[in-house]
Amino acid sequence: MIFSGYAISRAIIMPIMGGLSDKYGRRIFIASGLVLLAVISLLYLPAHNEYTLTAVRLLNGLAAGMIIPVALAYAGEVAQEGKEGKTMGIFNRRSDR
């Protein structure tokens with residue numbers, strides 16, 4: 001669960017954040033997701049057992065789920081007309097590293 005918690009929570013939150021960013025704007029979700037990701041990353045320090053580490057991984061996935069789909073949609077918006085797919089493909093390839 002420690003390893004899959006990140007992916008599970010990210011998969012759950014991504015469609016929700018994508019829809020909310022369409023409605024309320026992308027900038028606030030990217031900025032707040034980055035702040036949350038930084039704060040949650042600090043929670044790894046006191047995580048001394050598998051339960052707290054799993055909880056931190058779940059929270060980390062939620063924060064990442066706020067950033068990834070919103071940034072990908074933003075990349076599609078700012079891309080040159082007719083090159084949206086290529087831009088989003090390049091962005092997605094680089095975010096997986």
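The values are calculated or read from the model by the stated rules, or taken from the named source; none is laboratory data. Keep in mind that what you see is a predicted model, and the values were worked out from it rather than measured. Heads up, the Cβs are rebuilt from the backbone with ideal geometry, glycines too, and the neighbour counts pull from every protein chain shown.
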Inset, instruction - Could you check the chain for helices (runs of 4 or more DSSP H) lying wholly inside it with 1 or more residues that are more than 13 Å from the chain's Cα centre (by Cα) and in contact (Cβ under 8 Å) with a residue 40 or more places away in the chain? - result: 4-24, 50-78
Inset, instruction - Might you let me know whether the range 54-74 holds any residue that is modelled with pLDDT of 90 or more and polar (S, T, N, Q)? - result: yes
